[in-house]
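Computed from the coordinates by the stated procedures, all read-outs in this text should not be read as laboratory data. Please read these numbers as outputs of a predicted model, since none were measured by experiment. Methodologically, a virtual Cβ is constructed for each residue, glycine included, from the backbone with ideal geometry; neighbour enumeration extends over all protein chains shown.
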């Protein structure tokens, strides 16, 4: 009886997490990572500032398109930190959280590898967006980078949670999120040289290893801290049931 009950619960969980939601999250994360990295790699301005602007326009534009077309399918997370924030805010369940995070990381890694092999002349070189990391190896700059990523993610996710709470239309949602994410990534890139998405940075940190392990872990985990804070604030202020 216990095995039967466990099987029934497992089946219900699988049915709850629809395949089309996972495909939408995979597609959105893949497109965001691919075009953000490819835009910088293809043009390759010698001025890092222009590379950052181009990358942010790419991220903002793809965010608008993916949110507009896929929000009604999966919720348009496309970022493991966003999924963590939604879980803490009691907006998604634990099963969906785990599957979404795995989907985001795998999609980001595949997109990074594709850009690397398509646009890198030398397989030992990194993608141009990450060619000159701003974060030096000393505590003050690492702390500044961590705080920047946490604050930017906190603002973006709190805005996203608020817009979904107000149940705005997909055009309204896509426009505001594209602008917010584009600006937040520009600020974050200016300080850390990394996009505000752990799915997009996972490939770079694993493949190119330009930081010490502790620094890389802190850089990667910083957006999750901001997402957790946004989820807690939302949960305290606007408690909503798990969908």
Mind giving me the nanometre distance, one decimal, between the label points for residue 232 and residue 165, set 7 Å out from Cα along Cα→Cβ?
1.7
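Tell me, in nm to one decimal, what length is gained between residue 106 and residue 72 on full extension, where the rule is 0.36 nm per residue of separation less the Cα-Cα distance? Can you show the working numbers first?
Values: separation 34, 0.36 × 34 = 12.24 nm, distance 2.22 nm.
Length gained between residue 106 and residue 72: 10.0 nm.
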Pairwise label distance in nanometres, residue 175 with residue 147, each label 7 Å out on the Cα-Cβ vector
3.5
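Per Stokes-Einstein, at 4 °C and 1.567 mPa s, what whole-number D in µm² s⁻¹ belongs to segment 51-99, with the Kirkwood radius over Cα pairs as the hydrodynamic radius?
Details: Rh = 12.0 Å.
D, rounded to a whole number, is 108 µm²/s.
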